Structures are given as structure tokens and as C-alpha cells.
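Note sheet for the following structure.
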Amino acid sequence: MAAPGRPGATLPADIEPADLPADAVEVGRILDAWGVKGWLKVLPHSADPQALFSSKRWFLQPTERGVAAFSGTVLLRVREAKEHSDSVVARADGVEDRGTAEMLRGARVFVPRSSFPTADKDEYYWVDLLGLDVVNREGVHLGVVRDLLSTGPQTVLVVEYQEDGKPLERMLPFVSAYVDGVDLEARRITVDWQPDY
């Protein structure tokens, strides 16, 4: 696989074309090479990057700008991944030197949702909350979870709803004081919240 911008450079055979799993979730992006022995520096999309540690198979895709050295999806077999400061560093089969690691700079990292570690009771992966309906104790539909924000001490649900045909957003703290329950099977979050808050 030729690498654009580096005449004659190719990705090693260990990094092979692959199909993106149906349950793939984007969990990070390769920032750069780390050191001279082929380690990769990855910026995780989550403050708790357990999905990067639990999966030994990362699926990479180039960014929209196409800065990565490949097209389509490739499979990266991860040998080791660990936290380093505010990022994750990893080494993988076929990435033995800094030059090869640099070829993967900017790649988006996906892992199958099925490889995520099991969440503890009353813990949820953000990806599982997206798209859930939010209703209050009286059964009033408050909207649909479109995003989550980490504000430091707590997470905030960004809930989209319609008013007079216009899409609007409301922010709800995702804390036990306001969240009565999450039913992933019913795709619903019940909250102690009023529409006019």
C-alpha cells in the first residue's frame, strides 16, 4: 500500500486491509510517533480509554483530510497499550520504527463495541447513551441524547428536542440526583427534570 507524500513508502504486510466491523466505535486518533521504536501516540476520545486497552485489534481509517498513508480500513494488531500523560501509547505488529509510525499519523482508531470491557453497575459507555430518549417522571418526552460533555466533575447530556419546528438543545447533568434510571433495552433515560428548566 503506497503512502502518499512519501515516494515509495509502503505500509508493512502486517498492517492489512480489513472490513470495519458492524459494531465499530471510533475511540481515538493517532497523534504521532512516540520514540524511535515504532510506538504510536494516541489521543483517546474518552477520559477513561479502557476500550483501547481491551482490544488487541484496532481498525484504522484515514481522516477526512486524507492525511494518513492509506485508504479504506486497515487492521492494526496491538501488542501493548498503556497510559502516558493525557494520551495512550501503543506498539503494534509491523510498526517497528519511527518512520512507519509516522505514516499512521492522523488515522482514526476504531474498536468493535463487543470488545469493550463490561461496564460496572450504574456505569455506561457514552456510545450506548447516544440516541436514547429522555423522559421525566411524569412521562414527558424531553428529547433525544445527541452528545455528552465532560465538564470535569460530571458528565452532561446534550438532549435535542423540537419546539415550533426548530431543533433546540437542553443540557441535563448525568448524575444520580437527576437521573432516575437508564434502560438500555428500552432505549430510555428517566430523569427528575422539567421541560422549562
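The table for this structure:
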read-out: Restricting the range 128-150 to residues that are over 26 Å from residue 118 (Cβ atoms) and β-branched (Val, Ile, Thr), the residue that is surrounded by the fewest Cβ atoms within 10 Å (Cβ to Cβ); value: 140
read-out: Selection status of residue 119, closer than 30 Å to residue 192 by Cα and of a type in the set (A, V, I, L, M, F, W, C); value: yes
read-out: Selected residue [over 23 Å from residue 50 (Cα atoms), part of a strand (DSSP E or B) and at pLDDT 95 or above] from 135, 182; value: 135
read-out: Only listed residue being buried (at least 16 other Cβ atoms within 10 Å of the Cβ) and under 19 Å from the mean Cα position of the chain (by Cα), chosen from 100, 155; value: 155
read-out: Residue tally, condition touching a residue at least 60 places away in the same chain (Cβ under 8 Å), in a helix (DSSP H, G or I) and under 15 Å from residue 183 (Cα atoms), over the range 102-132; value: 3
read-out: Complete set of residues in the range 138-155 that are more than 20 Å from residue 24 (Cα to Cα) and at pLDDT 95 or above; value: 138, 139, 140, 141, 142, 143, 144
read-out: The range 46-101 - residue that is assigned to a strand (DSSP E or B) and without any contact (Cβ under 8 Å) to a residue 40 or more places away in the chain and, of those, nearest to residue 147 (Cα to Cα); value: 83
read-out: Residue that is modelled with pLDDT under 90 and among the charged types (D, E, K, R), where the choices are 164, 128; value: 128
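Yes or no, residue by residue, for (1) within 16 Å of residue 33 (Cβ to Cβ); (2) at pLDDT below 95:
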{"residue": "55", "(1), (2)": "no, yes"}
{"residue": "85", "(1), (2)": "yes, yes"}
{"residue": "90", "(1), (2)": "yes, no"}
{"residue": "104", "(1), (2)": "yes, yes"}
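Per-residue answers, yes or no, for (1) within 17 Å of residue 156 (Cβ to Cβ); (2) of a type in the set (Val, Ile, Thr):
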| position | (1), (2) |
| --- | --- |
| 91 | no, no |
| 95 | no, yes |
| 104 | no, no |
| 108 | no, no |
| 113 | no, no |
| 119 | no, no |
| 124 | yes, no |
| 128 | yes, no |
| 135 | no, yes |
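The values are calculated or read from the model by the stated rules, or taken from the named source; none is laboratory data. These numbers were taken from a predicted model, which means no experiment stands behind them. Reconstructed Cβ throughout: ideal geometry from the backbone, glycine too, with neighbour counts over all protein chains shown.
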